[in-house]
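First the structure, in the form of structure tokens, and then the observations on it.
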RNA sequence: GGGCAGUUAGCUCAGUUGGUAGAGCGCCACGCUUACACCGUGGAUGUCAGAGGUUCGAGCCCUCUACUGCCCACCA
């Protein structure tokens with residue numbers, strides 16, 4: 001494929017839609033996204049967080065693509081074998097919920113009515129349909145990911161990897177089965193992990209219920225509860241052992257109201273005497289704390305709930321009622337029976353299932369668990385000793401705090417969609433067989449062939465995600481990819497999945513590969529709307545990335561997200577910011593258009609070094625470009641992409657376009673072709689280099705513009721990242737800034753004095769050492785300040801001159817400038833203006849004098865700071881003197 | 001209850017080791033100067049949340065307070 005560019009005249013405005021698809025196809029077909037394995041070079045590797053197939057593309061995707069692609073492109077340009085490995089996630093429970101709804105809509109059938117196989121067939125069909133959509137969307141954003149290695153967490157290779165990992169943990173005794181209190185989601189009818197539980201504040205009531213003491217008429221123990229509907233499952237009442245109020249009652253038997261069952265009054269450390277009445281009903285089947293108390297006191301466990309959170313047969317007269325309906329009835333009956341002492345309004349946190357958005361029900365169930373301590377310990381060490389670094393650093397604490405208090409991980413889910421638990425039970429001998437095979441012929445213990453059945457559960461989706469850094473590279477096979485690309489370099493993701501995902505990857509990476517899966521974890525913020533609110537459909541504040549791409553271009557979206565972001569900080573996105581970025585793209589388009597319109601087609605490529613410089617402005621812009629290169633490189637190394645982007649924006653717009661291009665117009669107009677060409681060379685060289693620096697931020701635009709300019713190599717995406725080869729000429733920078741000061745001063749004075757004519761006369765009285773500078777830059781001043789060419793007078797500092805009376809005067813560090821405006825100038829206005837300036841200058845002088853009069857400053861501050869302060873004072877004094885003299889002249 | 005961020009110009013945000021406060025948008029005034037009105041030139045606007053402290057010097061370091069946001073947590 002040849003370069004997809006037509007060297008026709010560029011349009012007046014940049015149209016991203018024309019460009020972006022064209023260049024993406026070109027890059028992709030050229031194979032630039034696929035790294036070449038080179039054993040002599042260390043690769044740079046980033047494994048993409050796999051998006052859910054279910055999800056429509058949102059700004060969070062746009063943000064991670066912007067960041068990861070920028071890093072990827074940067075490393076690629078640095079010449080490293082660069083792998084950004086893409087993929088998608090089966091997202092077990094999320095997908096299952098989506099498909100359930102879909103099937104309900106289509107066929108009015110539940111997944112259970114439909115059956116496992118039919119349901120899974122439907123999911124796979126759906127996957128086939130939508131799998132490609134996310135990829136296309138990522139491509140639209142410019143993701144330069146290696147699609148030849150595209151992976152899916154449920155494809156055949158990953159399925160095998162999961163089984164191998166499971167079996168290994170199983171054989172090592174790190175996966176076990178146990179009945180514990182778990183978080184049951186009555187919405188999706190599965191167990192979920194602690195991490196999938198979300199606490200929501202809710203206004204409810206605290207009911208005070210009295211439990212009669214057996215055999216003692218009119219004596220009660222009053223308990224406070226938020227969940228009266230579970231009282232049919234009560235198997236004790238507990239108080240604090242330190243609570244004197246109940247000391248003599250401990251050991252007595254209570255009668256459970258409404259039920260009549262006898263339960264003991266026990267003392268347990270877990271009870272807080274200060275809360276409520278100090279007595280708590282113990283329901284080991286439906287509360288985590290009660291479960292623990294129950295274990296300690298060997299209390300029976302009574303489960304009163306069905307899977308859908310209606311009461312079961314143990315609920316007596318409430319059986320069949322939903323838990324909240326049962327609550328109402330129980331309370332009413334308690335009240336009727338005289339058991340309800342009082343009821344207080346009470347606000348507390350209720351655990352909700354994140355995915356199904358219903359309150360979870362703690363239940364005792366048998367599940368598969370991962371024994372986490374042996375995995376967590378080395379994963380914690382890796383963070384302590386810095387083998388894994390966090391950017392920003394504070395997230396290291398988030399990680400270690402959690403890891404230090406980690407609990408065993410419940411990994412089985414009562415779902416259809418996911419990796420099936422590779423374990424068979426034997427009803428004959430009770431043995432469990434874990435196998436990598438699709439099916440099992442006979443129990444490995446007793447040999448039974450007809451009493452065996454596979455565990456119907458699937459694995460927590462994060463089990464397969466946790467293996468992503470190596471399963472994508474071919475593990476458990478010893479592939480070339482695995483040997484070369486593992487461990488990765490950077491893992492880039494959101495802080496919301498540090499525990500879900502990052503922690504599990506580190507644990508699994510160390511356990512299965514013996515090495516941390518990545519050196520750096522970069523955490524980005526969340527994308528919010530312009531008011532800082534989370535974008536959501538219900539709020540109607542969603543900015544759809546594809547719509548923004550269509551309107552402003554992918555580059556504009558990327559640039560906005562990158563420059564609006566600091567690591568770990570939320571990004572507020574607004575349409576005005578998008579417009580700014582689009583304008584920036586247009587600015588560069590037009591700068592390039594201007595340069596090429598001057599006729600640069602036959603120019604050969606030249607690197608932007610001082611060798612090219614003919615003029616002061618050349619030396620200035622090239623030196624500034626070199627400084628920029630150093631700064632941008634340093635910032636990207638530090639993951640400060642936002643700062644780097646802003647630097648590029650400022651340089652290109654405020655320095656290159658506003659000053660350098662304007663200055664260069666003088667030479668572009670020269671009748672001497674050599675002069676014209678020397679200007680063109682610098683324009684092209686600096687712009688070409690800047691486009692390289694900008695490429696990771698705005699890949700499409702820069703690639704297009706680069707091809708319009710003289711260049712070497714076949715594409716910008718693989719052009720070398722610039723490295724400065726010489727020292728910037730700081731003297732030239734200072735000199736040019738002195739010229740800028742004079743030009744700005746004249747412009748300002750003209751504007752303030754409301755000068756009508758475009759061209760004015762000017763007299764420059766330079767300081768001795770600046771005379772040559774201003775004489776040399778006379779043309780620049782004439783053009784950029786709007787001075788009449790024949791009426792610019794640069795005085796000889798040696799000669800005494802009479803300053804013109806009817807003139808505005810401008811005092812800069814390098815010169816005093818007079819604009820003789822004759823009748824146009826109102827002297828009163830000029831005197832007032834000078835008065836203001838004198839006032840300001842005097843303040844500066846006073847400030848400097850005070851600082852330097854302070855002996856402790858002079859003694860203790862570093863010499864260079866004191867010297868700088870002295871210089872500043874001297875120059876302010878001189879300025880003040882000049883202004884005062886001028887005012888005297890005018891009075 | 002514990003922890004972590006944030007509080008800088010009307011708005012959105014920068015501010016690298018402490019050394020005279022910045023950008024974009026918006027606003028005001030000019031302006032079609034042979035790239036760009038998605039533009040140019042000029043201008044106005046800040047007790048850097050508050051109070052202490054360290055220092056010759058603090059937006060940056062320390063302490064406390066206030067408000068905002070997020071994370072973690074089995075007081076029923």
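The values are calculated or read from the model by the stated rules, or taken from the named source; none is laboratory data. As the structure is a prediction and not an experimental result, all values here were calculated from the model. In this analysis, Cβ positions are derived from the backbone assuming ideal geometry, glycine residues included, and neighbour counts consider all displayed protein chains.
If the condition is being more than 10 Å from RNA strand B (Cβ to nearest atom) and out of contact with any helix residue (DSSP H, G or I) (no Cβ under 9 Å at 6 or more places or on another chain), then region A:851-862 contributes only A:853. Residues that are more than 14 Å from RNA strand B (Cβ to nearest atom) number at least 2 in the following strands (runs of 3 or more DSSP E) confined to region A:199-271: A:253-255, A:262-267. When A:506, A:510, A:498, A:543 are screened for being in contact with a helix residue (DSSP H, G or I) (Cβ under 7 Å, 6 or more places away or on another chain), assigned to a loop (DSSP other than H, G, I, E, B) and at negative phi, only A:543 passes.
For region A:427-471, a residue qualifies if it is buried (at least 20 other Cβ atoms within 10 Å of the Cβ), at pLDDT 95 or above and not in a loop (DSSP other than H, G, I, E, B), and the qualifying residues are A:458, A:459, A:461, A:462, A:463, A:464, A:465, A:466, A:468, A:469, A:470, A:471.
Does residue A:590 count as out of contact with any strand residue (DSSP E or B) (no Cβ under 9 Å at 6 or more places or on another chain), part of a helix (DSSP H, G or I) and crowded, with 16+ Cβ neighbours inside 10 Å? Yes; evaluated as a whole, the condition is true for this residue.
For residue A:386, the conditions (1) part of a loop (DSSP other than H, G, I, E, B); (2) free of Cβ contacts under 8 Å to residues at least 40 places away in the same chain; (3) within 15 Å of RNA strand B (Cβ to nearest atom) are fulfilled apart from (3). The set of residues in region A:553-579 being under 21 Å from the mean Cα position of the chain (by Cα), near RNA strand B (Cβ under 8 Å from one of its atoms) and more than 15 Å from residue A:65 (Cα to Cα) consists of A:566, A:568, A:569, A:570, A:572, A:574, A:576, A:577. The residues of region A:692-730 that are more than 17 Å from residue A:629 (Cα to Cα), in contact (Cβ under 8 Å) with a residue 60 or more places away in the chain and assigned to a loop (DSSP other than H, G, I, E, B), listed by number, are A:709, A:710, A:711, A:712, A:714, A:715. As a summary of the residue check, residue A:295 satisfies the conditions (1) without any contact (Cβ under 8 Å) to a residue 12 or more places away in the chain; (2) surrounded by 16 or more Cβ atoms within 10 Å (Cβ to Cβ); (3) over 21 Å from residue A:358 (Cβ atoms) except for the one numbered (2).
Here A:277, A:235 are screened, and the one residue that is under 28 Å from residue A:353 (Cα atoms) and crowded, with 17+ Cβ neighbours inside 10 Å is A:235. Residues in region A:830-850 that are within 12 Å of residue A:879 (Cα to Cα), within 13 Å of RNA strand B (Cβ to nearest atom) and touching a helix residue (DSSP H, G or I) at 6+ places or on another chain (Cβ under 7 Å): A:837, A:841, A:842, A:844, A:845.
Scanning region A:169-185 for residues that are over 17 Å from residue A:423 (Cβ atoms) and over 33 Å from the mean Cα position of the chain (by Cα) turns up A:180, A:181. Sub-9 Å Cβ pairs linking a first residue in region A:773-801 that is touching a residue at least 40 places away in the same chain (Cβ under 8 Å) to a second residue that is assigned to a helix (DSSP H, G or I) and more than 16 Å from RNA strand B (Cβ to nearest atom), at least 6 apart or interchain, are A:773/A:616; A:773/A:735; A:776/A:616; A:777/A:616; A:777/A:735; A:780/A:616; A:781/A:774; A:787/A:778, ordered by first then second residue. Filtered by the rule that a residue be at pLDDT 90 or above and within 16 Å of RNA strand B (Cβ to nearest atom), region A:749-776 gives a lone residue, A:762. Looking at the structure I just gave you, is residue A:587 near RNA strand B (Cβ under 7 Å from one of its atoms) and touching a helix residue (DSSP H, G or I) at 6+ places or on another chain (Cβ under 8 Å)? Here the answer is yes, as residue A:587 does meet what is asked.
Considered as a group, the residues in region A:816-829 that are part of a helix (DSSP H, G or I) and within 15 Å of RNA strand B (Cβ to nearest atom) include one that is farthest from residue A:888 (Cα to Cα), and that residue is A:824.
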